[in-house]
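The values are calculated or read from the model by the stated rules, or taken from the named source; none is laboratory data. Keep in mind it's a predicted model, so treat the numbers as computed, not measured. Positions of Cβ are backbone-derived with ideal geometry, glycine not excepted, and every protein chain shown enters the neighbour counts. In case anyone asks, the SASA skips ligands and DNA or RNA and just uses the protein heavy atoms, side chains included. Shrake-Rupley method; radii C 1.70, N 1.55, O 1.52, S 1.80 Å.
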Amino acid sequence: MRAFSRIKGKKGVPTLKNEKEGWRIKSDGTGLRMTECESNPKFKVDIEKRQFSLQLKRDPYTPVAVLKALVRVGLILLPNDELANFAETLEWVRNRDHTQPFVSEFPVFQTFQPGPMPNDLIVAMLMRRQPPSVDVPYAFLVLAYGNEVYQVFLPSPRKDRTIHGQKLSLPAFPTPLGLDLERFGRPSTRLIDLCGRDTVTDDVHPISMGFESVEVHGSP
């Protein structure tokens, strides 16, 4: 998703490729240049609907390791006077043994905002529970980049005693509406489960994008 949102990292915008299957998706500075083998097409183009789609297979990953990475972002942003409330969480994140359980529920909201979004802006926000509320987790991280927004709660055994063992019912953080709701649609939010401790090897992620026009190049 960083590649399709053209979010730069230390080595620029990530390039997606599979040399064996003969396809590549690379940023050229103004957009994305996508190539494939004619004998082994991976991209589907619907000229009538002006839509482009493909199915991308993710590299193998362990869901709970991804969850720890997101929680780690929130812990790094904590002010020093809050660190004592997350001592157990720090130990859990640092533990490379992903089989060790931590909390019974770990909801993660994922919101997709359709349409063109800034590719030079990453937003990270920490939110803390305010009294007299006691029925929601103590702290949340909201992380947004490109078209995606993630909301992850930062567990604090010391501050979350009042909700221990209870079924959580949480609201998703409201995201800004797109520039053109009629054209691009409204943001969609779903809960994702990142508590799995087994390596996932067959996860396929669908991508769908719209375009305004098509130009055909080549000899007649």
How many residues are under 22 Å from residue 3 (Cα atoms) and modelled with pLDDT under 90 if we restrict to region 47-87?
9
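Of the residues that sit in region 42-51 and are open to solvent by less than 100 Å² (accessible area, probe 1.4 Å) and touching a strand residue (DSSP E or B) at 6+ places or on another chain (Cβ under 6 Å), which one is nearest to residue 213 (Cα to Cα)?
As a first pass, look at region 42-51 and keep what is open to solvent by less than 100 Å² (accessible area, probe 1.4 Å): 42-43, 45-46, 51.
Still in the running and touching a strand residue (DSSP E or B) at 6+ places or on another chain (Cβ under 6 Å): 42-43, 45, 51.
On the way: 42: 20, 43: 17, 45: 12, 51: 10 Å.
So, considering only residues that are open to solvent by less than 100 Å² (accessible area, probe 1.4 Å) and touching a strand residue (DSSP E or B) at 6+ places or on another chain (Cβ under 6 Å), the one nearest to residue 213 (Cα to Cα) is 51.
Give me the strands (runs of 3 or more DSSP E) completely within region 91-176, filtered to those with at least 3 residues that are modelled with pLDDT of 85 or more and among the aliphatic types (A, V, I, L, M), ordered by residue number.
122-128, 139-145, 148-154
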Which pairs do you get when a residue that is closer than 23 Å to residue 147 by Cβ and assigned to a strand (DSSP E or B), found in region 198-215, comes within reach of a residue that is at pLDDT 90 or above and open to solvent by 80 Å² or more (accessible area, probe 1.4 Å), reach meaning Cβ atoms under 7 angstrom, with the pair 6+ apart or on two chains?
200/60
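Restricting attention to region 140-168, which residues are more than 30 Å from residue 3 (Cα to Cα) and open to solvent by less than 20 Å² (accessible area, probe 1.4 Å)?
So the first thing to find is which residues in region 140-168 are more than 30 Å from residue 3 (Cα to Cα), and the list is 155-168.
Selection gives 155, 156, 160, 163.
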Output for region 52-84, where each listed residue is open to solvent by 20 Å² or more (accessible area, probe 1.4 Å), more than 30 Å from residue 23 (Cβ to Cβ) and part of a helix (DSSP H, G or I)
72, 73, 76, 77, 80, 81, 83, 84
Members of region 23-41 found to be among the charged types (D, E, K, R) and either surrounded by 13 or more Cβ atoms within 10 Å (Cβ to Cβ) or under 15 Å from residue 6 (Cα atoms) (or both), listed by number:
24, 26, 28, 33, 36
